[in-house]
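Engineer: Structure incoming, see below.
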Amino acid sequence: FDFSEVIPGLRSVMRALSGVLASAAAVDLVVNFTVAQPLHHFWRSTGWCPPEPHTPEAILAYVQQESSLQNHEHVASIAGDGIELIRIHFLLDLIVPLQGAVMGSKFDASRDLDYTKLVTVLGQFDMLGLALGFEVMGNPGGLWTDFGDAAQLAAWQDMVSVIANISTNMFGKEKVKQWRWEPWNEPDHTCSPERRLDANITCDVESWTNYVIATARGIRAVDDSYQFGGPNTGSGLLKTPFLAAILEQKSVRIDFVSWHEKGTTGGDGGSQAVTDRDLDATAAVDQLNPAPNATVTTGNSEADPLGGWNKPPA
């Protein structure tokens, strides 16, 4: 929807109305609305990324500061369940390795990691009645270095199972079924030899796919009905190999396909262009889906009308 076509008209109405109110003691105002078409409630989520540094103490302090608490209370109080789900980056960086924890054959995710700070944050959002978009991303204590290493993948899967089990014990299966479990955010930007997921973890398309499989298996070891999907690509879903990778693997079920398309200034970069690219992405998913009888939902999970809104103008 292009608000640029509406706002000038609204301003004209408000100017005219203010003039009438200034010159009259009493005014009868009648407004007639014509419903052109139904506007379905299609957007139910928001999200955030903790600022640097991504240490357990810093993330917890950010979540618990007064402004953050008020922000989430406002989000949760939107009328008509306007926002129901919060997607959060780097939740796993709230996990603290215990003294002496070392990645290796004796590593035990249930014994060697402290999940207390993660539990605190999860409880805060549940208290507000918000479901989670649990992005399984972060590197507790920097213990993981390579998603191409089978032993590290096994340890990762075990850790994810512990997290899913903790969540289920805290909130019950029915609540956790409302969550969306997702893999690492925007792998097309960070899964490379240069960026290493911005977490010092070696990553390429093949090892990322194995990481996705391990993550889904860890979650569904607790309950097979829990929803998992991705790939959360940053832009140009159809130009990256991650869409095909997540749909063509046969090891785990993918419940939804998600991507990010954002508006830009100038040219054809507005909201209509975002919608057009979303339709192209949905069509591509339909073509690539190897199980056409299965229900795979699609959606743009970061559809900012203007990308880069947090950056100062040039």
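Engineer: Calculate the FRET efficiency for His74 and Gln272 from the Cβ-Cβ distance with a Förster distance of 30 Å, rounded to the nearest 0.05.
Structural biologist: Once rounded, the FRET efficiency stands at 0.55.
Engineer: Where the accessible area of the stretch 42-104 is counted over protein heavy atoms with a 1.4 Å probe, how much of it, in %, is carbon and sulfur?
Structural biologist: Taking all protein chains in place, the stretch 42-104 shows 56 percent carbon and sulfur surface.
Engineer: State the extension gain, in nm to one decimal, for the chain segment bounded by Glu84 and Arg195, taking 0.36 nm per residue of separation less the distance between their alpha-carbons.
Structural biologist: Result for the pair: 36.7 nm of gain on full extension.
Engineer: Averaged over all directions, how much area does the convex hull of the C-alpha atoms of the stretch 71-118 cover when projected, in nm²? Provide the component values of the computation, followed by the final result.
Structural biologist: Values: hull surface 19.4 nm².
Its Cα hull, projected and averaged over all orientations, spans 4.8 nm².
Engineer: Report Rg(Cα)/(2.2 N^0.38 Å) for the stretch 180-285, keeping two decimals.
Structural biologist: Normalised by 2.2 N^0.38 Å, the Cα Rg of the stretch 180-285 equals 1.14.
Engineer: Could you work out the pair-distance distribution P(r) of the chain from its alpha-carbon pairs, with 20 angstrom bin width and percents rounded to whole numbers?
Structural biologist: Bins of 20 Å from zero give 28, 54, 15, 3, 0 percent of pairs.
Engineer: OK, next. What do you get for the angle between helix 7-23 and the principal long axis of the chain? Use alpha-carbon atoms, 0 to 90 degrees, nearest ten.
Structural biologist: 50 degrees
Engineer: Right, here's the next one. Collect residues whose amide H, placed 1.01 Å from N in the peptide plane, falls under 5 Å from the amide H of Phe134; neighbours closer than 5 in sequence don't count.
Structural biologist: Long-range HN contacts for Phe134: Arg180, Trp181, Glu182.
Engineer: Could you do me a favour and compute the accessible area per residue for the chain, 1.4 Å probe, result in Å²?
Structural biologist: Roughly 54 Å² per residue, with all protein chains present.
Engineer: Still on this model: What distance in nm lies between label points placed 7 Å from Cα along the C-beta direction at Tyr62 and Asp223?
Structural biologist: 2.8 nm
Engineer: Of the listed peptides 279-285, 185-191, 98-104, 85-91, what is their order by residue-averaged count of other C-beta atoms within 10 Å, with the highest listed first?
Structural biologist: 185-191, 85-91, 279-285, 98-104
Engineer: Related question: Which order do the peptides 47-58, 248-259, 152-163 come out in when sorted by mean C-beta neighbours inside 10 angstrom, highest first?
Structural biologist: Descending packing order for the listed peptides: 152-163, 248-259, 47-58.
Engineer: Expressed as an acute angle from 0 to 90° and rounded to the nearest 10, what is the orientation of the C-alpha long axis of helix 205-220 relative to the principal long axis of the chain?
Structural biologist: 90 degrees
Engineer: Going by alpha carbons, how many degrees (0 to 90, nearest 10) lie between the helix axis of 116-127 and the longest principal axis of the chain?
Structural biologist: Computed tilt is about 30 degrees.
Engineer: Could you compute how much accessible surface Glu84 exposes when probed at 1.4 Å, giving the result in Å² to the nearest 10?
Structural biologist: Probe radius 1.4 Å; accessible area of Glu84 about 70 Å².
The values are calculated or read from the model by the stated rules, or taken from the named source; none is laboratory data. Everything quoted here is computed from the prediction, not taken from an experiment. Counting neighbours? That spans all protein chains shown, and the Cβs are built from the backbone with ideal geometry, glycine included. Only protein heavy atoms, including side chains, enter the accessible area calculation; ligands, DNA and RNA are left aside. Shrake-Rupley method; radii C 1.70, N 1.55, O 1.52, S 1.80 Å.
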